[in-house]
Amino acid sequence: MAVRKTLLKSDTGVCLTQVDEVAGVKVKATHYRLTTLRPNQPRVIADHDLAEVAFAGEVAESKRDPVAVRMASDL
């Protein structure tokens, strides 16, 4: 099965990516991956609405973290 990744949002070094498992032209499964410049591990979230909420929370936390802000500005 092939995997298709689509960046949905990015802010302050936080990225929300949609990951689709594709067989032929059909999408078999979808999940969302949240990554950050902070030392948190990447998170995998099954629900789109929960992924959006997690993204907003992580962006808020990253904006309060001076190291993450500095690293994001270097990108």
- Computed, not fitted: 222 nm per-residue ellipticity of the chain from DSSP H runs ≥ 4 (each -39500 (n - 2.57)), nearest 500, equal to -11000 deg cm²/dmol
- Gaussian network model of the chain, springs between alpha carbon atoms under 10 Å - residue of Val14, Val53, Val44 with greatest fluctuation: Val53
- Heavy-atom accessible area with a 1.4 angstrom probe orders Glu58, Glu21, most exposed first, as Glu21, Glu58
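How large is the charge dipole for the chain, taken about the Cα centre, if only the Cβ atoms of Lys, Arg (+1) and Asp, Glu (-1) carry charge, to the nearest 20 debye? Provide the component values of the computation, followed by the final result.
Numbers: 11 positive and 10 negative charges, 42 e Å.
Rounded to the nearest 20 debye, it is 200 debye.
The values are calculated or read from the model by the stated rules, or taken from the named source; none is laboratory data. What you are looking at is a predicted structure, and each value in this text was computed from that prediction instead of being measured. Glycine also receives a Cβ, built like all others from the backbone with ideal geometry; neighbour counts cover every protein chain displayed. Protein only, heavy atoms only, side chains kept; ligands, DNA and RNA dropped before computing areas. Shrake-Rupley method; radii C 1.70, N 1.55, O 1.52, S 1.80 Å.
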